[in-house]
Structures are given as structure tokens and as C-alpha cells.
Amino acid sequence: MNIPVETSTARPAPDAAKEGAALALLWSVVHAPDGRAPFCRRCAAHRSFHRVSRRRAYACDSCGAHVYPASTTPFAGSPVPLAAWLDAVVIVLDAPGKVRPNQIAGALGVDYRRAWRMTRRIDEVLQAGGDDADLLRRLAGLWKEQGHNRPGRAPDPGSPEDRIRIAACRIMAQRGIEATRIADIAREAGVSNASIHYYFRSKDEALLAAFRWAGDQLHVTLQRLLDENVSTIGHLRHLLELSIPGDQGTFEEYLLWLEVWARVRRHPAFLDECVRMSRRWADAVLGVFAAGVRDGTFAPVAPLTEVCERYVAISESLAVRNTLGYSDMSAESARHMLARFTAEQLGLPAGLLAPDRR
């Protein structure tokens with residue numbers, strides 16, 4: 001078997017080394033399980049591959065085609081490091097039926113909201129059985145053999161108010177506010193009904209809190225991505241990825257937007273919050289675009305603020321149509337359409353921003 005190697009000769013930091021090991025494990029298990037050189041679809045032959053720096057990808061040495069090992073696994077589309085996913089799978093399999101999100105959050109150092117989604121996703125895959133469940137079990141076994149699973153911090157369950165916000169976000173996104181009962185939120189958050197009433201006087205108030213929570217988390221995610229040491233085009237790609245619902249968490253946040261919009265005309269507080277969050281998102285978009293203009297990467301076809309407003313309007317429209325389930329607006333088609341539009345508006349070559357297949 002041809003073992004893929006890093007394209008960079010610099011020794012990675014410990015966290016980067018562990019992430020590289022996780023990616024290499026997925027690569028070998030998913031794409032070269034028989035020990036032979038992986039098959040390149042573009043070349044229609046078995047070829048050697050090398051790791052692509054700063055991406056969860058390997059490239060064919062002959063034609064350069066990229067392959068994303070996580071794209072066909074339960075981890076596809078998730079921004080969470082692959083090493084954290086593998087650690088979480090090990091924790092869940094080591095204590096079936098007993099692991100709660102706070103244990104994942106504490107052991108891996110991720111926020112409670114993210115841990116909740118990871119735990120739920122792993123449980124869903126294992127309960128469904130089939131090839132994905134078998135893959136998780138095999139990956140977990142090999143990951144443990146390599147000695148990578150080392151839980152870190154002590155569990156941090158988060159405050160009751162935070163757990164209520166997260167639970168309200170998930171339940172209301174799934175069922176809508178009308179079909180959600182206070183008891184449902186309490187059960188999901190692991191608190192009493194009285195605790196819900198202590199923090200929130202009504203379901204509308206709980207919805208508003210959940211909406212703020214979801215918006216804040218999306219903003220934190222965007223800022224974390226923009227803090228990465230990547231090119232201007234790399235930052236623009238991050239922006240495009242977050243503009244259309246991707247993983248289950250982002251999709252739930254867009255569902256909450258729909259619930260809030262339905263109440264805007266009757267509740268001024270919802271309108272104020274929509275305006276605040278939209279403005280914050282537009283400011284982030286403007287920041288990315290302005291950075292590209294300063295370094296000469298972008299050549300906008302109109303004043304920068306106008307291009308920014310166009311982007312926000314088009315991206316929100318595409319995101320809503322995808323969230324509502326329009327038959328002609330899948331997440332993939334929405335991302336391609338937004339990428340083409342953005343390239344045109346910023347004076348970039350057509351196809352430069354075409355979404356990667358991860």
C-alpha cells in the first residue's frame with residue numbers, strides 16, 4: 001500500500017498531528033481498506049496520493065484530483081475536527097446508553113451545544129446499524145489501538161439556562177413553536193418544568209432566547225474560521241459554507257429563523273433581534289470583502305457596500321428556499337449558485353469558488 005504523506009515538511013503541532021492521524025485513518029479505512037494504492041476515478045486506475053496541506057483532502061499524484069476522506073462518512077460536512085469525532089465515538093461505544101453530552105463536552109473541550117449534536121449523531125448512526133455503524137466501530141477500534149483517545153478536562157454540563165436555550169433551539173426547530181410544550185424543552189434539557197418558567201415567562205420568550213443563542217453561536221463559528229491563517233479566498237470559502245445550511249446544527253438555526261419571521265409583525269422584540277443579527281452578519285460579510293479589496297484579490301463590480309447587500313439578500317433567499325425544502329434548491333445547488341454569483345460580483349474567475357466535495 002502506498003502510504004500518503006504530508007506535503008509540508010514542517011513538523012505539525014500536537015493537535016495538528018492528531019488531526020492528521022485521524023484523517024490518515026479515515027483515508028486508509030475508507031479508500032484503501034485492502035492495502036492497495038487507492039483508486040482514482042479521474043485516472044480510472046490505482047494511483048498514489050499525497051495529503052493536501054490545510055485541507056481534509058488527498059490529491060492524486062498523477063492528475064491532481066482531490067478526494068475528501070470524510071465526505072462519505074457520518075462526519076461529512078461537520079466543522080468539528082475529525083480527531084474529536086473519533087474520540088467521541090470511542091467514549092460512546094465504551095459506555096453505550098450512558099454517555100451524556102456534558103461528558104463529551106468535558107472530555108473533548110467542545111461547547112455543550114456542539115457536544116449535544118455529536119452525541120445525538122453518533123447514537124443515530126449506531127441505532128440505525130448498517131455500513132455506517134460498522135465503520136464507526138472499526139474506526140473506534142483502530143483509533144484506540146493507536147493510543148490517540150485521551151480524554152482531557154473534567155465534565156462541564158453548562159448552566160441550566162444554557163441547556164434550556166440549546167434544548168429550545170433543537171425542539172422548536174424540529175417541531176415548531178406551536179407543537180412544542182414546556183415539558184418537551186424541560187425533558188430535552190434535563191431540568192424541571194419549574195426551571196423553564198424561572199428563566200422564561202412564555203414559549204415566545206424561550207424562542208427568542210434560543211434564536212439569540214443560535215445566532216451567537218453562528219457568529220462565533222464564523223469568527224473562529226476567519227481567524228484561521230488562510231488566504232483571502234480561503235476566508236471567502238468559509239463565508240460561503242456558512243451562508244447555506246450545511247450540518248444539522250446550521251440547518252436547525254435556519255429553521256429557527258423561519259419561526260421568528262412568522263412572529264415579527266406581532267412581537268417588536270423579534271424584529272429588533274432580526275435586525276441586530278442581520279446587521280452583524282452583513283458587517284462580517286463586508287469585512288471579508290473589504291480585506292480582499294485591500295490586498296487586491298477582489299475587484300467588485302459595484303460599490304463595496306452595495307455588493308455586500310446583494311450578497312446578503314441572495315444568500316438569505318437561497319438559504320430560505322433550501323430550508324423550506326424547495327425541490328429545485330438542494331444545499332449543493334444553492335452553494336453552486338451562490339459561488340457563481342459571488343465570483344461575478346467580486347471580479348473573480350468563474351468556477352474559482354466552486355464548492356469542494358468534502
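The values are calculated or read from the model by the stated rules, or taken from the named source; none is laboratory data. All values derive from a computational prediction rather than experimental measurement. Cβ placement follows ideal geometry from the backbone for every residue including glycine, while neighbour counts extend to all protein chains displayed.
For the reader, a short list of remarks on this structure follows.
- If the condition is being surrounded by fewer than 15 Cβ atoms within 10 Å (Cβ to Cβ) and either assigned to a loop (DSSP other than H, G, I, E, B) or touching a helix residue (DSSP H, G or I) at 6+ places or on another chain (Cβ under 9 Å) (or both), then the stretch 322-336 contributes 324, 325, 326, 327, 328, 330.
- Hits in the stretch 276-316 - residues which are modelled with pLDDT of 90 or more, part of a helix (DSSP H, G or I) and of a type in the set (Ser, Thr, Tyr): 305, 311, 315
- Test result for residue 354, under 30 Å from residue 175 (Cβ atoms) and either out of contact with any Leu (no Cβ under 9 Å at 6 or more places or on another chain) or not assigned by TED's automatic domain parsing to the domain that holds residue 281 (or both): no
- Scanning the stretch 165-183 for residues that are loosely packed, with under 14 Cβ neighbours inside 10 Å and among the aliphatic types (A, V, I, L, M) yields 179, 183.
- Unique match (being more than 23 Å from residue 78 (Cα to Cα), basic (Lys, Arg) and not assigned by TED's automatic domain parsing to the domain that holds residue 119) among 263, 212, 170: 263
- Residue match in the stretch 20-38 (condition: modelled with pLDDT of 70 or more, more than 24 Å from residue 137 (Cβ to Cβ) and surrounded by fewer than 16 Cβ atoms within 10 Å (Cβ to Cβ)): no
- Residues being polar (S, T, N, Q) and surrounded by 14 or more Cβ atoms within 10 Å (Cβ to Cβ) - total across the stretch 211-239: 3
- The listed residue being in contact (Cβ under 8 Å) with a residue 60 or more places away in the chain and either aromatic (Phe, Trp, Tyr) or more than 30 Å from residue 72 (Cβ to Cβ) (or both), out of 305, 297: 297
- Restricting attention to the stretch 302-347, the residues being under 18 Å from residue 260 (Cβ atoms) and not hydrophobic (A, V, I, L, M, F, W, C) number 6.
- Residue among 51, 41 that alone is free of Cβ contacts under 8 Å to residues at least 60 places away in the same chain and closer than 30 Å to residue 128 by Cα: 41
- Every pair of residues 6+ apart whose Cβ atoms lie under 7 Å, when the first sits in the stretch 217-233 and is touching a residue at least 12 places away in the same chain (Cβ under 8 Å) and over 22 Å from residue 163 (Cβ atoms) while the second is assigned to a loop (DSSP other than H, G, I, E, B) and among the charged types (D, E, K, R): 230/54; 232/295
- Residue in the stretch 255-272 that is under 27 Å from residue 70 (Cα atoms) and in a helix (DSSP H, G or I) present: yes
- Single match in 226, 222, 236, 258 (criterion: of a type outside the set (Val, Ile, Thr), under 24 Å from the mean Cα position of the chain (by Cα) and modelled with pLDDT of 80 or more): 236
- Matching residues in the stretch 71-81 - criterion: being in a loop (DSSP other than H, G, I, E, B) and in contact (Cβ under 8 Å) with a residue 60 or more places away in the chain: 73, 74, 76, 77, 78, 79, 81
- Filter result for residue 310 (within 19 Å of the chain's Cα centre (by Cα) and under 20 Å from residue 352 (Cα atoms)): no
- The single condition among (1) assigned to a helix (DSSP H, G or I); (2) at pLDDT 85 or above; (3) more than 22 Å from residue 76 (Cβ to Cβ) that residue 339 does not meet is (3).
- Residues in the stretch 337-356 that are of a type in the set (A, V, I, L, M, F, W, C), surrounded by fewer than 20 Cβ atoms within 10 Å (Cβ to Cβ) and in contact (Cβ under 8 Å) with a residue 40 or more places away in the chain: 348, 352.
- Selection of the stretch 38-70 for residues being out of contact with any helix residue (DSSP H, G or I) (no Cβ under 9 Å at 6 or more places or on another chain) and either in the same structural domain as residue 119 (by TED's automatic domain parsing) or part of a strand (DSSP E or B) (or both) yields 40, 45, 46, 50, 52, 59, 60, 66.
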